[in-house]
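First the structure, in the form of C-alpha coordinates, and then the observations on it.
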Amino acid sequence: MSLRTSFTAAVTLAMLAGGAQAQSAPEEKFITIGTGGQTGVYYVVGQSICRLVNRDTATTGIKCTAPSTGGSVANVNAIKAGEMTMGVAQSDIQYHAYNGDTPEFSGDNKFDKERAIFSVHGEPFTIVARKDANIATFDDMKGKRVNVGNPGSGQLATMEVVLAAKGWTMKDFSLASDLKPAEQSAALGDNKVDAIVYTAGHPNGSIQEATSTVEANLVPVTGPEIDKLVAENPYYAKAVIPGGMYAGNPDPVDTFGVKATFVTSADVPDDVVYEVVKAVFDNFDRFKGLHPAFADLKPEEMISQGNSAPLHPGAEKYYREKGWIK
(Lines give C-alpha, C1' and ligand atoms only; values in the text may rest on other atoms or scores of the structure.)
Protein backbone atom coordinates (compact mmCIF):
# COMPACT_ATOMS: atom_id res chain seq x y z
CA MET A 1 0.00 0.00 0.00
CA SER A 2 1.41 3.39 -1.01
CA LEU A 3 1.97 6.19 1.50
CA ARG A 4 -0.79 8.20 -0.18
CA THR A 5 -3.21 5.27 0.05
CA SER A 6 -2.30 4.68 3.70
CA PHE A 7 -2.86 8.37 4.52
CA THR A 8 -6.22 8.38 2.75
CA ALA A 9 -7.30 5.25 4.64
CA ALA A 10 -6.21 6.78 7.96
CA VAL A 11 -8.15 9.97 7.29
CA THR A 12 -11.22 7.96 6.30
CA LEU A 13 -11.01 5.89 9.50
CA ALA A 14 -10.58 9.04 11.59
CA MET A 15 -13.61 10.64 9.97
CA LEU A 16 -15.66 7.52 10.55
CA ALA A 17 -14.54 7.38 14.18
CA GLY A 18 -15.32 11.04 14.62
CA GLY A 19 -18.74 10.55 13.10
CA ALA A 20 -19.45 7.66 15.44
CA GLN A 21 -18.40 9.76 18.42
CA ALA A 22 -20.57 12.64 17.26
CA GLN A 23 -23.55 10.32 16.91
CA SER A 24 -23.04 8.88 20.41
CA ALA A 25 -22.44 12.22 22.12
CA PRO A 26 -25.41 13.18 24.32
CA GLU A 27 -27.68 15.96 23.20
CA GLU A 28 -26.82 19.22 24.95
CA LYS A 29 -29.38 20.38 27.49
CA PHE A 30 -29.02 23.76 29.22
CA ILE A 31 -30.53 24.24 32.65
CA THR A 32 -30.70 27.35 34.81
CA ILE A 33 -31.00 27.35 38.60
CA GLY A 34 -32.43 30.41 40.36
CA THR A 35 -30.52 31.30 43.53
CA GLY A 36 -30.42 34.56 45.52
CA GLY A 37 -27.99 37.34 46.40
CA GLN A 38 -24.32 36.54 45.80
CA THR A 39 -23.47 36.86 49.50
CA GLY A 40 -26.14 34.39 50.63
CA VAL A 41 -26.30 30.62 50.95
CA TYR A 42 -28.90 30.25 48.13
CA TYR A 43 -26.26 31.38 45.67
CA VAL A 44 -23.87 28.77 47.06
CA VAL A 45 -26.57 26.07 46.79
CA GLY A 46 -27.14 26.79 43.10
CA GLN A 47 -23.47 27.15 42.28
CA SER A 48 -22.64 23.94 44.16
CA ILE A 49 -25.31 21.92 42.37
CA CYS A 50 -24.16 23.27 39.01
CA ARG A 51 -20.55 22.45 39.80
CA LEU A 52 -21.46 18.81 40.40
CA VAL A 53 -23.79 18.63 37.39
CA ASN A 54 -21.17 20.11 35.08
CA ARG A 55 -18.62 17.48 36.14
CA ASP A 56 -20.71 14.97 34.16
CA THR A 57 -21.60 17.12 31.13
CA ALA A 58 -19.63 14.85 28.76
CA THR A 59 -21.83 11.93 29.81
CA THR A 60 -25.21 13.60 30.39
CA GLY A 61 -25.03 16.55 28.00
CA ILE A 62 -26.44 18.79 30.74
CA LYS A 63 -24.85 22.22 31.17
CA CYS A 64 -25.86 24.14 34.26
CA THR A 65 -25.73 27.83 35.22
CA ALA A 66 -26.90 29.41 38.49
CA PRO A 67 -27.23 33.21 38.26
CA SER A 68 -27.92 35.51 41.18
CA THR A 69 -31.64 36.35 41.50
CA GLY A 70 -34.11 38.14 43.75
CA GLY A 71 -34.69 35.01 45.84
CA SER A 72 -37.49 32.57 46.66
CA VAL A 73 -40.56 34.24 45.16
CA ALA A 74 -38.69 35.41 42.08
CA ASN A 75 -37.31 31.89 41.53
CA VAL A 76 -40.70 30.19 41.81
CA ASN A 77 -42.29 32.69 39.43
CA ALA A 78 -39.43 32.26 36.93
CA ILE A 79 -39.81 28.46 37.00
CA LYS A 80 -43.56 28.78 36.52
CA ALA A 81 -42.97 31.07 33.52
CA GLY A 82 -40.47 28.64 32.00
CA GLU A 83 -37.64 31.17 32.37
CA MET A 84 -35.68 28.94 34.76
CA THR A 85 -35.45 25.18 35.09
CA MET A 86 -35.06 24.87 38.85
CA GLY A 87 -34.54 27.12 41.83
CA VAL A 88 -34.05 27.49 45.56
CA ALA A 89 -37.02 28.61 47.64
CA GLN A 90 -38.01 28.78 51.28
CA SER A 91 -40.24 25.90 52.39
CA ASP A 92 -43.10 28.30 53.16
CA ILE A 93 -42.88 29.83 49.67
CA GLN A 94 -42.92 26.34 48.16
CA TYR A 95 -46.07 25.58 50.15
CA HIS A 96 -47.90 28.80 49.29
CA ALA A 97 -47.02 28.62 45.59
CA TYR A 98 -48.31 25.06 45.27
CA ASN A 99 -51.46 25.67 47.30
CA GLY A 100 -52.19 29.18 46.00
CA ASP A 101 -53.28 30.32 49.45
CA THR A 102 -51.62 33.74 49.62
CA PRO A 103 -52.35 36.87 47.56
CA GLU A 104 -49.09 36.66 45.61
CA PHE A 105 -49.86 33.07 44.51
CA SER A 106 -53.64 33.19 44.19
CA GLY A 107 -55.65 32.75 40.99
CA ASP A 108 -53.51 32.46 37.88
CA ASN A 109 -50.36 32.78 40.02
CA LYS A 110 -50.99 29.44 41.71
CA PHE A 111 -48.25 27.02 40.68
CA ASP A 112 -49.89 23.59 40.81
CA LYS A 113 -47.18 22.21 38.51
CA GLU A 114 -44.54 22.99 41.14
CA ARG A 115 -42.56 19.91 42.12
CA ALA A 116 -40.15 19.36 45.00
CA ILE A 117 -36.70 17.87 44.45
CA PHE A 118 -35.19 17.98 47.94
CA SER A 119 -34.79 20.31 50.90
CA VAL A 120 -31.45 21.68 51.98
CA HIS A 121 -30.37 23.53 55.14
CA GLY A 122 -32.46 25.16 57.85
CA GLU A 123 -32.97 28.91 57.60
CA PRO A 124 -33.64 30.82 60.80
CA PHE A 125 -35.42 34.17 60.46
CA THR A 126 -32.60 36.47 61.52
CA ILE A 127 -32.60 40.11 62.60
CA VAL A 128 -29.35 42.04 63.08
CA ALA A 129 -29.53 45.42 64.82
CA ARG A 130 -27.03 48.15 65.56
CA LYS A 131 -26.17 48.08 69.27
CA ASP A 132 -26.78 51.83 69.52
CA ALA A 133 -30.36 51.32 68.23
CA ASN A 134 -31.20 49.53 71.52
CA ILE A 135 -33.20 46.74 69.89
CA ALA A 136 -33.26 43.76 72.25
CA THR A 137 -36.57 42.22 71.08
CA PHE A 138 -38.71 42.30 67.94
CA ASP A 139 -41.12 44.72 69.64
CA ASP A 140 -38.26 47.20 70.05
CA MET A 141 -38.18 47.66 66.27
CA LYS A 142 -41.40 49.67 66.27
CA GLY A 143 -40.55 53.18 65.07
CA LYS A 144 -37.09 52.11 63.87
CA ARG A 145 -35.47 52.11 60.42
CA VAL A 146 -35.59 48.54 59.15
CA ASN A 147 -34.52 46.93 55.91
CA VAL A 148 -37.36 44.45 55.46
CA GLY A 149 -35.99 42.66 52.37
CA ASN A 150 -35.98 43.19 48.63
CA PRO A 151 -39.04 42.42 46.48
CA GLY A 152 -39.17 38.74 45.56
CA SER A 153 -37.10 37.67 48.55
CA GLY A 154 -38.03 35.11 51.17
CA GLN A 155 -37.08 37.43 54.01
CA LEU A 156 -39.61 40.03 52.89
CA ALA A 157 -42.31 37.35 52.64
CA THR A 158 -41.50 36.07 56.14
CA MET A 159 -41.37 39.58 57.58
CA GLU A 160 -44.86 40.23 56.19
CA VAL A 161 -46.09 37.04 57.89
CA VAL A 162 -44.59 38.09 61.23
CA LEU A 163 -46.05 41.59 60.96
CA ALA A 164 -49.49 40.16 60.20
CA ALA A 165 -49.24 37.81 63.18
CA LYS A 166 -48.40 40.73 65.45
CA GLY A 167 -51.01 43.03 63.95
CA TRP A 168 -48.35 45.41 62.60
CA THR A 169 -47.85 46.95 59.17
CA MET A 170 -44.81 48.42 57.45
CA LYS A 171 -46.00 51.81 58.69
CA ASP A 172 -45.00 50.76 62.20
CA PHE A 173 -41.39 51.33 61.12
CA SER A 174 -40.09 54.86 60.60
CA LEU A 175 -38.41 53.46 57.45
CA ALA A 176 -39.07 50.15 55.67
CA SER A 177 -36.37 49.90 53.01
CA ASP A 178 -35.98 47.15 50.42
CA LEU A 179 -32.24 46.90 49.86
CA LYS A 180 -30.79 43.65 48.52
CA PRO A 181 -28.79 41.38 50.86
CA ALA A 182 -25.48 42.57 49.38
CA GLU A 183 -26.39 46.19 50.16
CA GLN A 184 -28.01 46.03 53.57
CA SER A 185 -24.90 45.20 55.62
CA ALA A 186 -23.22 48.39 54.37
CA ALA A 187 -26.40 50.34 55.13
CA LEU A 188 -26.31 49.08 58.72
CA GLY A 189 -22.66 50.04 59.06
CA ASP A 190 -23.29 53.48 57.54
CA ASN A 191 -26.15 54.11 60.02
CA LYS A 192 -28.75 54.33 57.26
CA VAL A 193 -30.86 51.65 58.95
CA ASP A 194 -31.18 50.39 62.53
CA ALA A 195 -31.84 46.75 61.71
CA ILE A 196 -31.62 44.32 58.79
CA VAL A 197 -33.45 41.06 58.14
CA TYR A 198 -32.35 37.72 56.69
CA THR A 199 -33.89 34.30 56.27
CA ALA A 200 -30.64 32.47 55.91
CA GLY A 201 -28.45 29.53 56.72
CA HIS A 202 -25.60 30.17 59.14
CA PRO A 203 -22.85 31.24 59.08
CA ASN A 204 -23.82 33.93 56.58
CA GLY A 205 -21.22 36.13 54.88
CA SER A 206 -23.34 39.28 54.92
CA ILE A 207 -24.06 38.95 58.65
CA GLN A 208 -20.36 38.37 59.31
CA GLU A 209 -19.65 41.54 57.35
CA ALA A 210 -22.27 43.53 59.26
CA THR A 211 -21.15 42.42 62.73
CA SER A 212 -17.50 43.05 61.82
CA THR A 213 -18.25 46.55 60.52
CA VAL A 214 -20.32 47.88 63.42
CA GLU A 215 -21.25 46.72 66.91
CA ALA A 216 -24.44 44.74 66.32
CA ASN A 217 -26.61 42.17 68.03
CA LEU A 218 -28.84 39.37 66.79
CA VAL A 219 -32.43 39.90 67.92
CA PRO A 220 -34.60 37.05 69.28
CA VAL A 221 -37.89 36.48 67.46
CA THR A 222 -40.09 34.81 70.07
CA GLY A 223 -43.41 35.17 71.87
CA PRO A 224 -46.98 33.87 71.70
CA GLU A 225 -47.53 35.10 68.12
CA ILE A 226 -44.50 33.13 66.93
CA ASP A 227 -45.57 30.06 68.92
CA LYS A 228 -48.95 30.22 67.13
CA LEU A 229 -47.31 30.57 63.71
CA VAL A 230 -45.17 27.50 64.30
CA ALA A 231 -48.07 25.47 65.71
CA GLU A 232 -50.38 26.26 62.78
CA ASN A 233 -47.94 26.01 59.84
CA PRO A 234 -46.02 22.78 59.13
CA TYR A 235 -43.33 24.58 57.13
CA TYR A 236 -42.20 26.60 60.18
CA ALA A 237 -40.12 25.33 63.11
CA LYS A 238 -38.44 26.81 66.15
CA ALA A 239 -34.77 27.52 65.49
CA VAL A 240 -31.66 28.56 67.37
CA ILE A 241 -28.78 30.56 65.89
CA PRO A 242 -25.65 29.19 67.61
CA GLY A 243 -23.58 31.56 69.71
CA GLY A 244 -20.08 32.54 68.67
CA MET A 245 -20.70 32.62 64.93
CA TYR A 246 -20.64 36.41 64.73
CA ALA A 247 -18.53 39.10 66.39
CA GLY A 248 -20.11 40.40 69.58
CA ASN A 249 -22.72 37.62 69.73
CA PRO A 250 -21.41 34.90 72.05
CA ASP A 251 -24.80 33.52 73.09
CA PRO A 252 -27.37 31.46 71.15
CA VAL A 253 -30.41 33.35 69.90
CA ASP A 254 -33.93 31.89 69.74
CA THR A 255 -36.05 32.44 66.66
CA PHE A 256 -38.07 30.39 64.17
CA GLY A 257 -37.47 29.50 60.58
CA VAL A 258 -37.98 27.52 57.42
CA LYS A 259 -35.92 25.24 55.24
CA ALA A 260 -34.29 26.06 51.96
CA THR A 261 -35.80 23.77 49.32
CA PHE A 262 -34.91 22.92 45.74
CA VAL A 263 -37.88 23.00 43.37
CA THR A 264 -38.77 22.64 39.70
CA SER A 265 -41.79 22.21 37.42
CA ALA A 266 -43.63 19.07 36.34
CA ASP A 267 -42.84 20.20 32.79
CA VAL A 268 -39.09 19.58 33.27
CA PRO A 269 -38.18 16.13 31.81
CA ASP A 270 -37.69 13.28 34.28
CA ASP A 271 -34.22 12.43 32.97
CA VAL A 272 -32.95 15.98 33.55
CA VAL A 273 -34.13 16.04 37.17
CA TYR A 274 -32.80 12.51 37.71
CA GLU A 275 -29.32 13.47 36.52
CA VAL A 276 -29.25 16.59 38.70
CA VAL A 277 -30.29 14.61 41.78
CA LYS A 278 -27.77 11.89 40.92
CA ALA A 279 -24.98 14.46 40.58
CA VAL A 280 -25.68 15.77 44.09
CA PHE A 281 -26.20 12.52 45.99
CA ASP A 282 -23.54 10.48 44.16
CA ASN A 283 -21.12 13.19 45.31
CA PHE A 284 -22.79 13.93 48.65
CA ASP A 285 -19.64 14.28 50.77
CA ARG A 286 -18.26 16.73 48.23
CA PHE A 287 -21.56 18.67 48.28
CA LYS A 288 -21.60 18.87 52.10
CA GLY A 289 -18.09 20.33 52.05
CA LEU A 290 -19.03 23.26 49.84
CA HIS A 291 -20.58 25.35 52.67
CA PRO A 292 -20.71 25.05 56.49
CA ALA A 293 -24.54 25.20 56.35
CA PHE A 294 -24.51 21.84 54.51
CA ALA A 295 -22.32 20.00 57.03
CA ASP A 296 -25.11 18.21 58.91
CA LEU A 297 -27.36 17.39 55.95
CA LYS A 298 -28.81 13.88 55.81
CA PRO A 299 -30.36 12.52 52.59
CA GLU A 300 -33.38 10.98 54.36
CA GLU A 301 -34.26 14.34 55.99
CA MET A 302 -33.75 16.23 52.72
CA ILE A 303 -36.45 14.03 51.16
CA SER A 304 -38.89 13.94 54.08
CA GLN A 305 -38.69 17.44 55.58
CA GLY A 306 -39.71 20.82 54.17
CA ASN A 307 -41.21 19.54 50.90
CA SER A 308 -44.90 20.40 50.56
CA ALA A 309 -45.24 20.02 46.78
CA PRO A 310 -45.16 16.49 45.31
CA LEU A 311 -41.73 15.08 44.52
CA HIS A 312 -40.77 15.27 40.86
CA PRO A 313 -40.85 11.79 39.24
CA GLY A 314 -37.22 12.15 38.16
CA ALA A 315 -36.19 12.69 41.78
CA GLU A 316 -38.45 9.85 42.97
CA LYS A 317 -36.76 7.46 40.54
CA TYR A 318 -33.33 8.11 42.07
CA TYR A 319 -34.62 7.90 45.65
CA ARG A 320 -36.31 4.57 44.91
CA GLU A 321 -33.09 3.20 43.41
CA LYS A 322 -31.30 4.15 46.63
CA GLY A 323 -34.03 2.56 48.78
CA TRP A 324 -34.85 5.89 50.46
CA ILE A 325 -38.52 5.77 49.45
CA LYS A 326 -40.79 2.89 48.39
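The values are calculated or read from the model by the stated rules, or taken from the named source; none is laboratory data. Bear in mind that the values here come from a model prediction, so they are computed numbers and not experimental data. Neighbour counts run over all protein chains shown; Cβ positions are idealised from the backbone, glycine included.
Contact annotation: residue pairs with Cβ atoms under 6 Å, 6 or more positions apart or on different chains, pairing a residue in the range 35-59 that is surrounded by fewer than 24 Cβ atoms within 10 Å (Cβ to Cβ) with a partner that is of a type in the set (S, T, Y) and in a helix (DSSP H, G or I), are T39/S206.
Looking at Q38, Q47, which is the one that is polar (S, T, N, Q), closer than 21 Å to F284 by Cα and either modelled with pLDDT of 95 or more or assigned to a loop (DSSP other than H, G, I, E, B) (or both)?
Details: Q38 fails: closer than 21 Å to F284 by Cα.
Matching residue, one of Q38, Q47: Q47.
Every test in (1) assigned to a loop (DSSP other than H, G, I, E, B); (2) modelled with pLDDT of 95 or more is passed by K171 save one, and that test is (1). Assess whether P181 counts as being modelled with pLDDT under 95 and either more than 18 Å from the chain's Cα centre (by Cα) or surrounded by 15 or more Cβ atoms within 10 Å (Cβ to Cβ) (or both). Against the criterion (modelled with pLDDT under 95 and either more than 18 Å from the chain's Cα centre (by Cα) or surrounded by 15 or more Cβ atoms within 10 Å (Cβ to Cβ) (or both)), P181 qualifies.
Restricting attention to the range 96-138 and to residues that are hydroxyl-bearing (S, T, Y), at pLDDT below 95 and over 24 Å from E275 (Cβ atoms), the residue that is farthest from the chain's Cα centre (by Cα) turns out to be S106. Residue count for the range 90-130 satisfying the condition of being farther than 28 Å from P292 by Cα and either part of a strand (DSSP E or B) or touching a helix residue (DSSP H, G or I) at 6+ places or on another chain (Cβ under 6 Å) (or both): 6.
Condition check ((1) loosely packed, with under 14 Cβ neighbours inside 10 Å; (2) within 20 Å of T158 (Cα to Cα); (3) not β-branched (V, I, T)) across all residues:
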| site | (1), (2), (3) |
| --- | --- |
| F262 | no, yes, yes |
| N283 | no, no, yes |
| H291 | no, no, yes |
| K298 | yes, no, yes |
| K317 | no, no, yes |
| K326 | yes, no, yes |
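Go through the range 229-277 and give me each residue that's at pLDDT 95 or above and assigned to a helix (DSSP H, G or I). Passing the criteria: D270, D271, V272, V273, Y274, E275, V276, V277. What number of residues within the range 119-177 satisfy the criterion of being surrounded by 18 or more Cβ atoms within 10 Å (Cβ to Cβ) and of a type in the set (K, R)? The number of residues fulfilling the criteria is 3.
Within the set V272, V253, the sole residue that is closer than 21 Å to L163 by Cβ, more than 19 Å from the chain's Cα centre (by Cα), surrounded by 15 or more Cβ atoms within 10 Å (Cβ to Cβ) and not acidic (D, E) turns out to be V253. Out of (1) at pLDDT 95 or above; (2) surrounded by 19 or more Cβ atoms within 10 Å (Cβ to Cβ); (3) assigned by TED's automatic domain parsing to the domain that holds G152, what's the single condition that is false for G201? In the conditions (1) at pLDDT 95 or above; (2) surrounded by 19 or more Cβ atoms within 10 Å (Cβ to Cβ); (3) assigned by TED's automatic domain parsing to the domain that holds G152, G201 misses (1) alone.
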